[in-house]
Amino acid sequence: MTLRIVITGTDTGIGKTVFAAALTDALAGCYWKPVQAGLDGETDSETVGRLGRIKACRILPEAYRLATPASPHLAARLDGVTILPEGLSPPETDAPLVIEGAGGLLVPLTERTVFADVFQRWRIPVVLCARTGLGTINHTLLSLEALRVRSISVLGVAFIGDEQADTQSTIAELGRVRILGRLPRLTRLTPDALRRAFREHFEVNHFREALA
């Protein structure tokens, strides 16, 4: 069986796309963003390709590309697109597959479905990305509850940002979750700097355990 990992976050704009780029690179894998909302500028798939130096053939096409930069349920409505959650299934790949959701777990995909509902159906282990700033304890613990109430396997939490030792240890203890590592803020976000930071702060074999 091919290794597959879902990357989700406690909020939008916390850096999970940058983390997904680093993880895809580290695993020599493929990347898939099921729903892209917002097409002006660089898309998440293009960001992953650039920062992770992932070949175009390993960036799999999105199932839905929505022009409006908004929650997918709203973007689809404004764009006149009908999203069919039951039709979303991870593509088959020969290499490890990194799948990135949109925003947080309870972001609406449609008026009746949130991303966590889709992840529950897939039964693929999840890495929860969390920022290290103020408010992250609450957001992270709530996200872990949303995952566990759906019996979704949690591989661990990946922090993004400056070191906050107490915050990180509190989440580990109260959330009963493994801390996979922390991706620090990079003065210059380049492919080389990102690869180096990931290798210094994460153990790639911890992610391969998703196959166990």
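Of all the numbered requirements in (1) part of a strand (DSSP E or B); (2) more than 25 Å from P69 (Cβ to Cβ), R148 misses one, and that requirement is (1).
Across the stretch 1-41, the number of residues qualifying as more than 25 Å from L106 (Cβ to Cβ), open to solvent by 10 Å² or more (accessible area, probe 1.4 Å), of a type outside the set (A, V, I, L, M, F, W, C) and modelled with pLDDT of 95 or more comes to 1. Condition check for A158 on (1) of a type in the set (A, V, I, L, M); (2) in a helix (DSSP H, G or I); (3) in contact with a helix residue (DSSP H, G or I) (Cβ under 9 Å, 6 or more places away or on another chain): one failure, at (2). Pairs meeting the criteria (first residue in the stretch 189-212 and touching a residue at least 60 places away in the same chain (Cβ under 8 Å), second residue exposed (fewer than 14 other Cβ atoms within 10 Å of the Cβ), beta carbons under 7 Å, at least 6 apart or on different chains) are L194/L186; A197/L186; L211/M1. Quick check on L109: is it surrounded by fewer than 22 Cβ atoms within 10 Å (Cβ to Cβ) and either modelled with pLDDT of 95 or more or under 27 Å from L23 (Cα atoms) (or both)? No. Which numbered condition trips up L186, out of (1) part of a helix (DSSP H, G or I); (2) more than 26 Å from W122 (Cβ to Cβ)? It fails just one condition, (1).
The values are calculated or read from the model by the stated rules, or taken from the named source; none is laboratory data. All values derive from a computational prediction rather than experimental measurement. In this analysis, Cβ positions are derived from the backbone assuming ideal geometry, glycine residues included, and neighbour counts consider all displayed protein chains. Accessible surface areas use protein heavy atoms only, side chains included; no ligands, DNA or RNA. Shrake-Rupley method; radii C 1.70, N 1.55, O 1.52, S 1.80 Å.
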